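Below you'll find the structure, written out as structure tokens, and then a few comments.
The values are calculated or read from the model by the stated rules, or taken from the named source; none is laboratory data. Since we're looking at a predicted model, the values are computed, not measured. For neighbour counting, all protein chains shown are included, and Cβ atoms are generated from backbone atoms with ideal geometry for every residue, glycine included.
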Amino acid sequence: MRIPAWVRSGSPPSWRGRAGAASSFRPTGSGAACADTGSTRAPSGSRSWAATGHPTSRRRAPQPEPHIDVERPGELVGFDCFYIGRLRGTSGAIWQLTAIDVHSSFAWAELVICKQGNPTAAQTSKLARRVAAELKAAGWQLQRVLADNGNEFRGERFHRTVERLGARVTHIHAGRPQTNGHVEALHKTILEECWRPAFARHLYPRYSALSRELERYLSYYDFDRTHHGRLNAAASPPASSTVPAKWRRDEPQLSAHLGVRPH
């Protein structure tokens with residue numbers, strides 16, 4: 001960092017006043033007189049130059065925390081991928097493909113084997129078709145997909161698939177994963193409540209065993225677990241405010257969860 005000459009010399013700078021005369025500014029503490037006003041008090045809510053090295057300025061009022069507001073299931077579904085690792089007896093890396101409906105917090109996830117090391121657009125397109133089909137079965141339309149800038153989402157194949165489903169794709173800004181915070185939070189939850197206990201139970205985890213672990217956990221997450229999200233208001237199961245608090249297991253689960261009673 002370049003240090004101004006006046007800092008190295010210990011002499012404060014001087015400025016030209018409106019009349020052209022040089023005036024010296026010596027902020028030596030909260031009791032020092034301000035050069036322009038003669039006041040012996042610093043402006044309210046400001047820090048002195050001596051403390052910050054910059055001219056005093058008022059602190060900005062805190063900005064409200066940004067949120068994504070949606071009105072119905074299917075209006076916005078976040079997609080992302082989560083790396084699981086490489087398992088014995090499996091030729092390729094194991095990834096978790098994840099989707100979550102922002103309005104209801106209903107989640108979809110599945111494990112895929114990626115022989116090239118990373119998920120492909122074909123695999124993410126398959127998940128998009130599954131999400132759209134299950135939303136449609138419940139009476140809702142997939143409208144928009146939110147995803148990062150990975151090749152599995154930016155590829156033409158994924159975009160064409162989503163467009164054929166009657167939706168559109170929005171990509172987050174590079175380096176801003178918090179924009180897709182719903183699915184990022186879901187990844188953290190699945191890691192803490194599913195994968196870490198699962199890997200602790202299995203000495204040599206297998207792909208099929210982990211798939212069953214994920215399927216069981218999602219059943220719990222979608223229909224039993226209490227959620228404390230801003231939109232869900234601690235509902236159990238996580239759903240919109242139009243959904244009764246409890247549902248019988250013999251009802252169509254997705255329809256019940258998303259607020260559509262079977263006809």
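To keep it simple, each residue is scored yes or no on (1) in contact (Cβ under 8 Å) with a residue 60 or more places away in the chain; (2) aromatic (Phe, Trp, Tyr); (3) more than 16 Å from Asp80 (Cβ to Cβ).
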{"site": "Ala122", "(1), (2), (3)": "no, no, yes"}
{"site": "Ser125", "(1), (2), (3)": "no, no, no"}
{"site": "Ala128", "(1), (2), (3)": "no, no, no"}
{"site": "Ala138", "(1), (2), (3)": "yes, no, yes"}
{"site": "Gln141", "(1), (2), (3)": "yes, no, yes"}
{"site": "Arg144", "(1), (2), (3)": "yes, no, no"}
{"site": "Asp148", "(1), (2), (3)": "yes, no, no"}
{"site": "Asn151", "(1), (2), (3)": "no, no, no"}
{"site": "Arg154", "(1), (2), (3)": "no, no, no"}
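Checked against (1) in contact with a Phe, Trp or Tyr (Cβ under 6 Å, 6 or more places away or on another chain); (2) modelled with pLDDT of 95 or more; (3) not polar (S, T, N, Q), Arg164 meets all criteria but (1). Listed by first and then second residue, the pairs linking a residue in segment 81-106 that is without any contact (Cβ under 8 Å) to a residue 60 or more places away in the chain and on the phi < 0 side of the Ramachandran plot to a residue that is assigned to a loop (DSSP other than H, G, I, E, B) and polar (S, T, N, Q), with Cβ atoms under 9 Å apart and 6 or more places separating them unless they lie on different chains, are Tyr83/Asn118; Ala93/Gln116; Ala93/Asn118; Trp95/Asn118.
Would you confirm whether or not segment 232-241 contains a residue that is hydrophobic (A, V, I, L, M, F, W, C), at pLDDT below 95, buried (at least 18 other Cβ atoms within 10 Å of the Cβ) and part of a helix (DSSP H, G or I)? Within segment 232-241 (the criterion being hydrophobic (A, V, I, L, M, F, W, C), at pLDDT below 95, buried (at least 18 other Cβ atoms within 10 Å of the Cβ) and part of a helix (DSSP H, G or I)), the answer is no, since none of the residues qualifies. Within segment 205-219, one or more residues are among the small types (Gly, Ala, Ser) and over 14 Å from Ile84 (Cβ atoms). The conditions of being surrounded by fewer than 18 Cβ atoms within 10 Å (Cβ to Cβ) and either part of a strand (DSSP E or B) or in contact with a helix residue (DSSP H, G or I) (Cβ under 6 Å, 6 or more places away or on another chain) (or both) are met by Thr90.
Please enumerate the residues belonging to segment 100-145 that are of a type in the set (Phe, Trp, Tyr) and modelled with pLDDT of 95 or more. Hit for segment 100-145 is Trp108, nothing else. Among residues of segment 169-194 being among the β-branched types (Val, Ile, Thr) and either in a strand (DSSP E or B) or modelled with pLDDT of 90 or more (or both), the one that is surrounded by the most Cβ atoms within 10 Å (Cβ to Cβ) is Val183.
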